[in-house]
Structure formats: C-alpha cells, structure tokens
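Read the figures in this text as sums done on the coordinates, not as results from a lab. Small disclaimer: the values here were computed from a predicted structure and weren't measured. Methodologically, a virtual Cβ is constructed for each residue, glycine included, from the backbone with ideal geometry; neighbour enumeration extends over all protein chains shown.
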Amino acid sequence: MRAMDKNKAQKVRRAVGLTLMYLFMTLLAVILLFPYMFMLLRSLMLDSQVMLYPVELWPEPFSFTAYVTLFTANNYFGYFLQTAKVVVFNLIAIPLSASFVAYGFSKYRFRGKRFFFSLMMATMMLPGVVVQIPLYVLFNDFGWLDSLLPLTIPNLFGGGAIYVFLIRQYMIGIPKELEEAAKIDGANPLVRYFSITLPLCMPVLTFIMVTVFNANWSDFYTPLLYLSKEGTETLAYAIFKDSLYKFVTPDKANLKMAAGVFMSVFPAVLFLVFQKQLIEGISTSALKG
C-alpha cells in the first residue's frame, strides 16, 4: 500500500513539474515572440494608425501598403537583385572552395601541413577591423570599389578558416577505405573528391550554406565600406540607410517594420526547413576527428 502511495506521489510531482516547466517555456516563448509580432502587426498598419497615441497593437484594417511602397517607391526590388547575386555566388563559392581546401588538409600528407593549417586557424584570432583599411586600399587599387567584386571574389578562397575547419573535421571521419577503393579503380583525386567525399559531406555543407546565406543576406557593414554609388547597394545596406534618413518620421514606422519583417522571412524559412540538417551538421563536425 505504501509503495502504491509512493508511486502515486512521484507521478503527481512529475506531472506538476512538467506542467510548471511547460508554463515557463510558454511564457518565455511569448516574451521572445512579442517584439517580432509587434513588428509584424505594425507593418500591416496604415500611416494614420501608426501615428495614433496611445499606441494600438492591432491593425484596423489590415493593409499591405507598406510592403507595396517598399518595392515600388524605394527600388527595393533592384536592391533585392543585388543581394541575390551576392548570395547565390557565395552559396556556391564558399562551400566548394572551403571543402576543396579541407580535402587537402584531411586526406593528404605534405611538407608543412600542420604549419599551414595552424597558420590558417590563427587568422581567426585577427579582429575584422584590423584588415579593413588594408583591404579597402587593395580593392581600391584593383578598381573594385562600387561593385560587387569585394563581396564575392575573396570568398573564392574558402570564405574563412572556420568553414575549412568544420569541413575538415567532418572529412576526417569519412572512412579511408572508400577513397582507397576508388583509387584502385583508377579514379583520380578530382573524381574522388567530387563523386565520393563531397556527397558524403552534405550535412556539414548544408549547415555552411545556411550560415553563408544568413551572413550575406543580413550583411550591411561590408557594403557600407565598399559601395557608395547610388544603385549599387544591397538590400540590407539600403534598409540601413533608409532607416537613418528616410524612415525617421513617426508616419514611416510601418515602412521600417515592413522592411524588418521582409528581411527576417527568408532566414526564418531556411531555419525551419533545414533545422535538422543544421543540428546534425554542426554536432557531427564538432565530434568527428
């Protein structure tokens, strides 16, 4: 009898604990989602409702005028195309070049391998501000300013040591027997790289591609350094400029909110679609090797 009462008490305590935990998680989710929901609802308001005080939370009526204005009166479609060029190029260039470098570090032995790998990893300790002026002078000498070249061509060299490191860690865990069997069959290194190693690295490559998309989609600082000519701006840079100069009056708050919502849609969709691959990619990269 006492054992039954004890089990019942444990079940009650467990149920109470789970209930409190779910209530806390729900409250935390509401707190974290409220700013985004506020931004979304404000973007669906008319100029007249945005100006009302006290502040109203619910649009009456719902209106997509702010979104239409962004892509008609503010040339955001052109800025979107500029961003799409940068994003698509880097989505291909960074994973491909980083995996190519990682393939050499993980599958081959050569003189100075550890030294060069350590030297590459040491670049991660350099603050970005240290290389800003040298890079600006270099790109100016190349005649690349006011073009998309500074945002794309340097990424043909891996896009950063962290990407090479993650892929290398993943490649180390791929059985050597697969490559050895292909080598016996007469496959050269490029064939082995493209047909065997690269397809097996899709989890970590997916993680890197989503990371690259988010980094380039939301980056306004790099275009701020190299793009000053009207019409060359990327979308994030254009929104940053408009937030400083065009959307500063209270009646433009819905435009600012609409721009924020639009910028957040694509990263959110990517995360929802690829969240499983993202978690698998980063966890396996960290554990392998």
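Counting only helical runs of four or more DSSP H residues, what would the 222 nm mean residue ellipticity of the chain come to if each run contributes -39,500 (n - 2.57) and the total is spread over all its residues?
Taking each H run of at least 4 residues, the total per residue is -23000 deg cm²/dmol.
What longest range of the chain stays clear of loop-exposed GluC sites (Glu not before Pro) (DSSP non-H/G/I/E/B, at most 15 other C-beta within 10 angstrom)?
Excluding the exposed sites themselves, the longest stretch runs over 57-229.
List the lysines whose alpha-carbon lies under 28 Å from that of LYS85, not counting same-chain residues fewer than 8 positions away?
LYS229, LYS241, LYS246, LYS256, LYS276
For the chain, modelled as a Gaussian network with Cα springs under 10 Å, which listed residue fluctuates most, ARG114, ARG13, ARG42?
Of ARG114, ARG13, ARG42, the most mobile in the Gaussian network model is ARG13.
When all alpha-carbon pairs of segment 136-280 are counted, what percent fall beyond 26 Å?
Cα-Cα pairs in segment 136-280 separated by more than 26 Å: 47 percent.
At a 10 angstrom cut-off on C-beta neighbours, averaged per residue, how do the peptides 239-246, 133-140, 145-152 rank from highest to lowest?
145-152, 239-246, 133-140
For segment 32-44, what does the Karplus curve 6.51 cos²θ - 1.76 cosθ + 1.60, with θ = phi - 60°, yield as ³J(HN,Hα) per residue in whole Hz, taken in order and with x for Gly and Pro?
Once rounded to whole Hz, the list reads 6, 7, 4, x, 5, 5, 4, 4, 4, 5, 5, 5, 9.
On a C-alpha basis, how far is the centre of segment 153-218 from the centre of segment 73-97 in Å? Whole number, if you could?
Distance between centres, Cα-based: 22 Å.
In segment 25-101, what chymotrypsin sites (Phe, Trp or Tyr not before Pro) fall in a loop by DSSP, with at most 16 other Cβ atoms inside 10 Å?
Here the chymotrypsin sites (Phe, Trp or Tyr not before Pro) that fit, given the DSSP loop and packing criteria, are PHE62, PHE64.
Distance from a point 7 Å along Cα→Cβ of ASP251 to each backbone N in segment 29-53: keep the residues under 16 Å and list them by number.
45-53
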